[in-house]
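The values are calculated or read from the model by the stated rules, or taken from the named source; none is laboratory data. Because the structure is predicted, anything quoted here is derived from the model rather than measured. With ideal geometry, Cβ positions are generated from the backbone for all residues, glycine too; neighbour counts draw on all protein chains shown. Surface accessibility is based on the protein's heavy atoms, side chains included, excluding ligands, DNA and RNA. Shrake-Rupley method; radii C 1.70, N 1.55, O 1.52, S 1.80 Å.
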Amino acid sequence: MLFKQQALLRQKLFVLGSLAIGSLLYLVARVGSLDRLQPLCPIDSRFGPRSQDEIQLRALQFKRGLLHEFRKGNATKEQIRLHNLVQQLPKAIIIGVRKGGTRALLEMLNLHPAVVKASQEIHFFDNDENYAKGIEWYRKKMPFSYPHQITIEKSPAYFITEEVPERIYKMNSSIKLLIIVREPTTRAISDYTQVLEGKERKNKTYYKFEKLAIDPNTCEVNTKYKAVRTSIYTKHLERWLKYFPVEQFHIVDGDRLITEPLPELQLVEKFLNLPPRISQYNLYFNATRGFYCLRFNIVFNKCLAGSKGRIHPEVDTSVITKLRKFFHPFNQKFYQITGRTFNWP
């Protein structure tokens, strides 16, 4: 009888031991898999102690959800004070250009844990009524952030509005300015396509692109057409250079941002003096939409609105050729001023 009890006890101990070892092995494997799923700011003590910047960025990454609640207006003044949150004037502004990819650039930069974006276009500097409300009104339109984060806003109308350079200079003469450009003719057609879609939504008729882009009296490019004027990048940039040195501008290739976004984002990180944190993990190609979507972490992904990537109407090839020939000398001057060359016709 005693022998049977001892045998039964040994059997129970063996089962319990097996369960304990199995649980331990599962935990080890689980920790290993979780470690692999932390590509944004991985913690790895094998490489020595982390820098203060690394610790701050890790903290910011985990507080994204908290900031989101503050942006929705769900925080009390006491919560804001306790978390040391502030509404800062932007240290960088995406000033243009329209239909160059300003929204995509802003959303992609928001992948960086040290960047906080203003969700809406503020139109402070290009709107006389808003500008008259003063700089504190503008500040209160900014999102809550931590003091060591960079707030960025984008309003593409800034680039082409005459009063804006002087107004931004008066706010901050050392601010960093981002301009995202696309091949000028493609950008003009994209501009037209957006307006056309708005007209069609309201059941309104609209001229064909060819009739707007070409002056019917002279058969030359119609420089009075806003979509054409906006694409003469060098004319607008020269106005900005009266107030800011060229070193305070960074030119982003909007065409490349669509097809190969990471190298462009890494250049912006460097320009903004940010530690490199955006990686290929954060960007994945969505075949259905035809462009890259954003991955903030293993839970939260985001694609741009469905209105992005509209299909352009077919345009007469002779008109495209005429426009490219017209833009060519302006493009060459733009390359010369900015020090960046594009493969535009």
Checking the conditions here, which among I258, I179 is touching a residue at least 12 places away in the same chain (Cβ under 8 Å), part of a strand (DSSP E or B) and not aromatic (F, W, Y)?
I179
Considering each of K199, K170, K133, K117 in turn, give the residue that is within 19 Å of the chain's Cα centre (by Cα) and open to solvent by 10 Å² or more (accessible area, probe 1.4 Å).
K117
When you scan the stretch 312-345, how many residues do you find that are in a loop (DSSP other than H, G, I, E, B), among the β-branched types (V, I, T) and in contact (Cβ under 8 Å) with a residue 40 or more places away in the chain?
1
Options I152, I168: the member that is of a type in the set (A, V, I, L, M), within 21 Å of L265 (Cβ to Cβ) and touching a residue at least 24 places away in the same chain (Cβ under 8 Å)
I152
Identify the residue in the stretch 136-145 that is outside any strand (DSSP E or B) and open to solvent by less than 10 Å² (accessible area, probe 1.4 Å) and, among all such residues, is farthest from T102 (Cα to Cα).
Y138
Residue check, P156 against (1) over 30 Å from K211 (Cβ atoms); (2) open to solvent by less than 50 Å² (accessible area, probe 1.4 Å), all met but one. Which one?
(1)
Selection from the stretch 198-225 of residues that are closer than 14 Å to V315 by Cα and either touching a Leu at 6+ places or on another chain (Cβ under 7 Å) or assigned to a loop (DSSP other than H, G, I, E, B) (or both)
Y207, K208, A213
Specify which of the listed residues (D191, D126) is in a loop (DSSP other than H, G, I, E, B) and surrounded by 21 or more Cβ atoms within 10 Å (Cβ to Cβ).
D126
Looking at the structure I just gave you, is V181 β-branched (V, I, T), touching a strand residue (DSSP E or B) at 6+ places or on another chain (Cβ under 7 Å) and surrounded by 21 or more Cβ atoms within 10 Å (Cβ to Cβ)?
yes
Any residue in the stretch 182-193 that is at pLDDT 95 or above sitting within a Cβ distance under 7 Å of a residue that is of a type in the set (S, T, N, Q) and outside any helix (DSSP H, G or I)? List the pairs, counting only those 6 or more apart or interchain.
P184/S231; R187/S231; A188/S231
Look at the stretch 261-292 and say how many of its residues are without any contact (Cβ under 8 Å) to a residue 12 or more places away in the chain and either open to solvent by 90 Å² or more (accessible area, probe 1.4 Å) or in a helix (DSSP H, G or I) (or both).
6
Within the stretch 194-214, residues free of Cβ contacts under 8 Å to residues at least 40 places away in the same chain and either among the hydroxyl-bearing types (S, T, Y) or in contact with a Phe, Trp or Tyr (Cβ under 6 Å, 6 or more places away or on another chain) (or both) come out as K199, T205, Y206, Y207, L212
Complete set of residues in the stretch 256-268 that are closer than 18 Å to C293 by Cβ and not hydrophobic (A, V, I, L, M, F, W, C):
R256, T259, E260, P261, P263, E264
Taking the stretch 315-345 only, how many residues are farther than 25 Å from E210 by Cα, surrounded by 13 or more Cβ atoms within 10 Å (Cβ to Cβ) and β-branched (V, I, T)?
2
